Amino acid sequence: MTGRRADREVAVKAKKVRTDLAWFGGEPAFADDIRVGTPNVPAKERYLELVGEAIDRRWLSNLGPLVQEFEGLTAERTLRRHNTATGNATAALQVAAKACGVTGEVIMPSFTFAATALAMSWIGLTPVFCDIDPETGTLDPLSVAKAVTPRTGGILGVHLWGNLCDLTGLDGVARDAGVPLLYDSAQAFGCRPLAPAPQGAAEVFSFHATKILNTFEGGLVATDDDEIHARVRSMHNFGFDDAMEVAGPGTNAKMSESSAAMGIASVECLDDTLSTYRSLHLRYRDGLDEVPGVTLIEAPAGQTHNHQYVVVRVDPGAAGLDRDRLFDILGAENIRTKKYFAPGCHRMPPYRDDAVHTPLDLPATEELAGRVLALPIGLSVAPDDVDLICDVIAAAVRHA
Ligand code: T4K
């Protein structure tokens, strides 16, 4: 037995193992909501200092000094040659797709946050949904290869929950198809392959309030390609060239100085944040170890991970209750979980009523979408909170 495990058992004994549940009339485990997605604010004073300087400078947007500094700092984490900060990841996906020359149909997973698909549809591209690896939740290269047609104009992988896609497999499919490969890395800041691997023409990160590193709203396009980078720089800033003349198509996808201030303050202490997430993740692993039918989805080998999401898979046969029932039971305890990501995009309007998107045979997607539940994690979640959440889950399974 590990030292930490022994400590935990002592703590659990001292605390009284839960037998009652609010769902059945007991007192809620938490007086106030404990939520997935509560924003991290690891360095409020530093943020206020930086944003104060921006206000005094009277330079609040349009590629100001804080945005430039933030872009430089993120390069240490993305390990890409070029980084362009944006107002959010949805706009960044659109700029990246345009800058990479994606046209027509884009092959992508259905099992992702809706923004992946909606960002593409909004710029006139057609998502074509493929199935995923049932263990990692990421795009299955075999499913992608089968979906390639002459209409395919790009492939968009999603590093779901920070789990990197099969980089080599997807690179091979994209090369065979002769189309650009992009990655939606919205959930994968801090997740990099340990060995060199092809990482696509461009990738996009999110710094939304709920992400491990947030800039209130924010995103980033990262690429190693000089020409793609030049197009991204121009397109995210109204199509301006270096002389500030409109030289091509563009939009406004710029990050503000206020967002960059939050980003700088947060990235400066990112190592501590990552370490907190890692230890909370391990604590969940210990706490759920012996709960039948509730399995923590583990980080794949061969990469660094941010542990931004703690996702469990609920197998009703072994747990005696399904994911939706567990969601309700936890909600009654003021534990606000999220069904990340259900339903699959192909089952959402505007896709579900469109013959291109449905009916689709995506068995791994349907299975995971019906079983996964994201549990609270973040700088506002204490180790004791994790113990209590695990105890509630264990009690729910015992009751079932
Ligand atoms: N691609 C992927 C794969 C993505 O995951 C995302 C975003 C994108 C693209 C697009 O990135 P952005 O354009 O947003 O940069 C949330 C986030 O809004 C969304 O950014 C994120 N993915 C997604 C996974 O999670 P919802 O619909 O779950 O948000 P909501 O309002 O239910 O909030 C989630 C939880 O966070 C709740 O428990 C409430 C809590 N919360 C939220 C906010 C904003 C707070 O406690 N405080 C807050 O300020 O999408």
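Residues checked against (1) polar (S, T, N, Q); (2) more than 20 Å from P134 (Cα to Cα):
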{"residue": "S234", "(1), (2)": "yes, yes"}
{"residue": "V246", "(1), (2)": "no, yes"}
{"residue": "K254", "(1), (2)": "no, yes"}
{"residue": "R283", "(1), (2)": "no, yes"}
{"residue": "T295", "(1), (2)": "yes, no"}
{"residue": "G302", "(1), (2)": "no, no"}
{"residue": "R313", "(1), (2)": "no, no"}
{"residue": "P316", "(1), (2)": "no, no"}
{"residue": "G320", "(1), (2)": "no, yes"}
For E298, the lone unmet condition from (1) within 27 Å of E27 (Cα to Cα); (2) away from the ligand (no atom under 16 Å from the Cβ); (3) surrounded by fewer than 19 Cβ atoms within 10 Å (Cβ to Cβ); (4) within 17 Å of the chain's Cα centre (by Cα) is (1)
Is one or more of the residues making up the stretch 263-282 charged (D, E, K, R), surrounded by 15 or more Cβ atoms within 10 Å (Cβ to Cβ) and not in a helix (DSSP H, G or I)?
no
Determine which member of the set L142, L125, L73 is more than 12 Å from the ligand (Cβ to nearest atom) and within 22 Å of T304 (Cβ to Cβ).
L73
State all residues of the stretch 164-180 that are more than 27 Å from H208 (Cβ to Cβ) and either within 16 Å of the ligand (Cβ to nearest atom) or part of a loop (DSSP other than H, G, I, E, B) (or both); if no residue qualifies, say none.
G178, V179
Among the residues of the stretch 213-230, the number that are surrounded by fewer than 24 Cβ atoms within 10 Å (Cβ to Cβ) and either aliphatic (A, V, I, L, M) or away from the ligand (no atom under 14 Å from the Cβ) (or both) is 7
Of the listed residues (V144, V106, V95, V148), the one being touching a residue at least 60 places away in the same chain (Cβ under 8 Å), touching a helix residue (DSSP H, G or I) at 6+ places or on another chain (Cβ under 8 Å) and among the β-branched types (V, I, T) is V95
Within the stretch 186-198, restricting attention to residues that are surrounded by 23 or more Cβ atoms within 10 Å (Cβ to Cβ) and among the aliphatic types (A, V, I, L, M), which residue is farthest from the ligand (Cβ to nearest atom)?
A188
Under 9 Å between Cβ atoms, at least 6 apart or on separate chains: pull out the pairs that start in the stretch 25-46 with a residue that is aromatic (F, W, Y) and end on any residue that is within 13 Å of the ligand (Cβ to nearest atom) and modelled with pLDDT under 95.
none
Return a yes/no flag: does the stretch 147-155 have any residue that is more than 24 Å from the chain's Cα centre (by Cα) and under 20 Å from A91 (Cα atoms).
yes
Taking Y183 and the conditions (1) surrounded by 24 or more Cβ atoms within 10 Å (Cβ to Cβ); (2) over 23 Å from N214 (Cβ atoms); (3) of a type outside the set (D, E, K, R), which numbered condition does it fall short on, given that it satisfies the others?
(2)
Residue tally, condition more than 10 Å from the ligand (Cβ to nearest atom), touching a His at 6+ places or on another chain (Cβ under 9 Å) and within 24 Å of L142 (Cα to Cα), over the stretch 84-121
1
Meets criteria (within 30 Å of W122 (Cβ to Cβ), modelled with pLDDT of 95 or more and not in a loop (DSSP other than H, G, I, E, B)) for A396
no
Do you know which residues across the stretch 198-246 are of a type in the set (D, E, K, R) and assigned to a loop (DSSP other than H, G, I, E, B)?
K211, E217, D224, D225, D241, D242, E245
Screening A318, A355 for residues that are closer than 25 Å to K146 by Cβ, surrounded by fewer than 18 Cβ atoms within 10 Å (Cβ to Cβ) and more than 22 Å from the chain's Cα centre (by Cα) leaves only A355
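The values are calculated or read from the model by the stated rules, or taken from the named source; none is laboratory data. Quantities reported herein were computed from a predicted structural model and do not represent experimental measurements. Heads up, the Cβs are rebuilt from the backbone with ideal geometry, glycines too, and the neighbour counts pull from every protein chain shown.
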